[in-house]
Structures are given as C-alpha cells and as structure tokens.
Amino acid sequence: MNHMTSSRWRIDVHAHIGHFEGYDLSETTLRSEIDRGEIALALISNIDGAAVEGKTRDLPESVANQATAEAVLDRPDRFRGLLWGRPGSGTPESLEPFRALRVPSGQAGEWGSRVFVGLKLHPEMNHFEIDAPAVDPYMELAGRAGFPVVVHSDGQLDRASPERIVALARRHPGVPVVLYHTAFGGPYRAAIDLVAEALAERQADLYLETAQLPPEHAIEAVERVGAERVLFGTDACYFGVGHYARYQPLVEALEAHCGADDLDAVFRGNALRIFGLHDAPGPLDPPRPDSEEATDD
C-alpha cells in the first residue's frame with residue numbers, strides 16, 4: 001500500500017457518509033481512501049441530512065445522525081461523528097440524545113469515548129441563513145456539549161457567507177466555529193482577512209479549513225491567522241476514488257512552508273484540541289487498514 005510522503009498521519013476534520021447523486025460518498029470508498037491518504041481519523045457527518053431536491057435523501061436529524069453513530073461504532077478507531085443540524089426544519093432537542101453516546105469501553109482507542117465531537121451546519125443545502133435566530137439554539141446546544149460548530153462557508157452564496165458566519169460566531173464567542181472551505185469558490189483572501197480581523201479584536205473563536213482551498217491560500221491562511229487557527233479538512237470523498245491524491249499539492253505546499261510545530265498543528269494538533277480528542281497519544285503509529293490489499297489505482 002502506497003501512502004503520501006508525510007511521516008505523520010493526519011486528522012481530516014471534514015468527511016461525509018451518505019448519498020449525493022453524482023458523487024461517490026460510500027463508506028467503502030471513504031475507508032479505502034483514508035488508508036491511501038494517510039488519514040488516522042476522519043470526522044464524518046451524514047449528507048443524507050441535506051435537502052437538495054433530486055440529489056440527497058433529506059432525512060430528519062434523528063435518522064441521519066443515527067446512521068453516523070452506527071458508522072462510528074463500526075470503526076471507532078478511524079471515525080468520530082459530527083451531528084448534522086437542520087435549523088428551521090429540525091430541532092436541537094432531537095440532537096440531545098446523541099450527546100450521550102459513547103464508544104464501548106476498550107474500543108475507543110486513541111480518540112476518546114465520545115461518538116460525536118461536533119456539530120455540522122450546512123446553510124446552502126438546508127436553506128437557511130447561517131446568522132438567523134433559528135441557529136442560536138443549535139449554537140447553545142454546542143456550547144453546552146463542548147462541541148465546535150463546523151459550517152459550510154461559501155464565497156458565492158449570501159446565506160452561507162463568511163460575513164454571516166462571523167456574525168453568528170460573534171454572538172456565541174464561547175463556541176469554536178470552523179469555516180469549512182474557508183470560502184467555497186472564493187474570494188478566499190477576503191474571508192481570511194475577515195477572520196483575522198475578528199480574531200485580532202477577540203470577538204469570536206474562529207478557525208479556517210482547507211477543503212478545496214488552493215494551496216497558496218492555505219499558506220496565506222497560516223500566515224494571517226496563525227497555524228493554530230487552521231485545520232486540515234478535505235470534504236472526503238468529494239473527488240471519489242483518488243480523493244486524497246488531489247490534495248497532494250496542498251500537503252506538499254504546507255510541508256514546504258511550515259515548520260514542524262505549525263505543520264503538526266494544522267494536520268493534527270488543532271483537531272485534537274478543539275474537538276476534545278483528549279486520549280490521543282504522541283506521534284501516531286499507522287492505523288490498521290481496512291484492507292491490507294488496498295493499492296493505488
């Protein structure tokens with residue numbers, strides 16, 4: 001089995017299970033790809049909770065998140081879950097029971113016993129404005145649970161804009177908020193500057209993330225907000241088979257630009273800290289692959 005050249009396995013804070021027409025988001029592909037891509041742990045949410053007509057299953061929160069729990073419990077050495085919230089069409093109360101789920105004793109491995117470690121919000125696919133009042137109860141749930149909130153950030157769509165996400169984060173300064181994609185489709189620099197300004201003013205607890213982010217803007221993010229505010233995520237498996245190979249230029253750019261401590265923060269340390277993966281040890285040994293016969297296509 002061939003892996004990317006980094007000597008340390010990474011944590012991917014942005015991965016999916018479920019069905020989206022035209023994309024291969026199968027668990028089989030995800031498991032194979034995280035082995036190939038040197039991913040020690042993937043944080044997964046179920047895109048079946050999205051409401052995209054003709055594309056996704058539009059499942060209620062309880063049903064979508066139960067499937068995520070089952071996937072985590074099937075492979076607790078490789079997955080932890082992100083609750084899929086649906087402000088406007090769901091309720092925070094439906095998410096409460098999932099907070100208590102734990103991996104059975106002896107199976108939690110390196111990542112702690114919680115099945116779910118964060119909350120996912122997708123204002124584009126669930127058709128709400130991210131700074132709407134209906135989102136506040138979900139943020140309050142996250143605060144009670146100690147969950148970061150990860151949000152689809154979109155440079156091309158007002159209801160998911162970085163500006164609205166930062167406005168929401170300012171209302172809930174005790175809740176870490178991660179801008180998935182930094183700003184999907186760009187402009188990236190404006191989003192990076194916006195987050196840098198909010199952090200400088202200590203107005204919110206904000207993080208940028210690297211899914212579909214051009215390498216030069218990932219480096220810019222590290223330079224502007226600091227490595228401690230940038231998380232490695234890829235939207236797995238958006239690119240299907242060969243997904244992580246598409247991120248090789250990003251990985252190589254960060255490896256060339258960052259010192260060892262900053263690289264560890266982006267690839268692993270920040271995720272351990274903000275998602276509360278407290279039981280993780282020092283440098284990771286390669287995890288057990290799903291298939292010892294996996295090979296590059």
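Highest GNM mean-square fluctuation, the chain, Cα pairs closer than 10 Å: which of Arg171, Arg268, Arg36?
So, out of Arg171, Arg268, Arg36, the one fluctuating most is Arg171.
For Ala51 and Asp136 in one chain, what is 0.36 nm times their gap in residues minus the Cα-Cα distance, to one decimal in nm? Before the final figure, lay out each step's value.
Details: separation 85, 0.36 × 85 = 30.60 nm, distance 2.04 nm.
My answer for the length gained is 28.6 nm.
Note the full-extension length gain between Asp193 and Gln107 as 0.36 nm times their separation in residues minus their Cα-Cα distance, in nm to one decimal.
Details: separation 86, 0.36 × 86 = 30.96 nm, distance 4.19 nm.
Residue separation times 0.36 nm, minus the Cα-Cα distance, leaves 26.8 nm.
Taking +1 at the Cβ of each Lys and Arg and -1 at the Cβ of each Asp and Glu, which of Trp9, Ile34, Gly22 sits farthest along the dipole of the stretch 1-99 towards its positive end, judged by Cα position relative to the Cα centre?
It is Trp9, whose Cα lies furthest towards the positive end.
When a/c is below 1.5 the answer is rounded, else prolate if a/b is larger than b/c, else oblate, so apply that to the stretch 34-80 with a ≥ b ≥ c taken from the square roots of the Cα gyration tensor eigenvalues. Kindly include the intermediate steps, with their values, before the conclusion.
Details: a/c = 3.86, a/b = 1.76, b/c = 2.20.
In terms of gyration-tensor shape, oblate.
State the volume of the convex hull built on the alpha-carbon positions of the stretch 224-268, expressed per residue in Å³ and rounded to an integer.
77 Å³
At Ser94 and His257, where each label point lies 7 Å from the Cα along Cα→Cβ, what is the point-to-point distance in nanometres?
Calculated label separation equals 4.0 nm.
Just rank Trp111, Trp9, fewest to most, by other beta-carbon atoms within 10 angstrom. Present the calculation step by step, with values, prior to reporting the outcome.
Values: Trp111 25, Trp9 20.
Final ranking by Cβ density, sparse to dense: Trp9, Trp111.
Counting only DSSP beta bridges with both residues in the stretch 10-274, what percent are antiparallel, rounded to the nearest 5?
For the stretch 10-274, the DSSP antiparallel bridge percentage is about 5.
Where in the stretch 49-64 does the amide nitrogen come within less than 18 Å of the point 7 Å from the Cα of Arg246, taken along Cα to Cβ?
Label zone hits: 56.
Determine the distance separating the Cα centre of the stretch 51-87 from the Cα centre of the stretch 221-273; give it in Å without decimals.
Their Cα centres are 24 Å away from one another.
Sum -39500 (n - 2.57) across every DSSP H segment of at least 4 residues in the chain, then divide by the residue count to get the 222 nm mean residue ellipticity, nearest 500. Display every interim value, and only then the final one.
Numbers: 10 runs with 92 residues, N = 297.
Only helices count here, giving -9000 deg cm²/dmol.
Report the charge-dipole magnitude of the stretch 10-274 in Debye, nearest 20, computed about the Cα centre from +1 at each Lys and Arg Cβ and -1 at each Asp and Glu Cβ. Walk me through the numbers on the way to the answer.
Numbers: 25 positive and 40 negative charges, 119 e Å.
Charge dipole of the stretch 10-274: 580 debye, to the nearest 20.
Over the residues of the chain, compute the C-alpha Rg and express it relative to 2.2 N^0.38 Å.
Values: Rg = 17.5 Å, N = 297, 2.2 N^0.38 = 19.1 Å.
Its radius of gyration relative to the 2.2 N^0.38 Å reference: 0.91.
Every read-out reported here was derived from the displayed coordinates using simple, explicitly stated rules and does not represent laboratory data. All values derive from a computational prediction rather than experimental measurement. For neighbour counting, all protein chains shown are included, and Cβ atoms are generated from backbone atoms with ideal geometry for every residue, glycine included.
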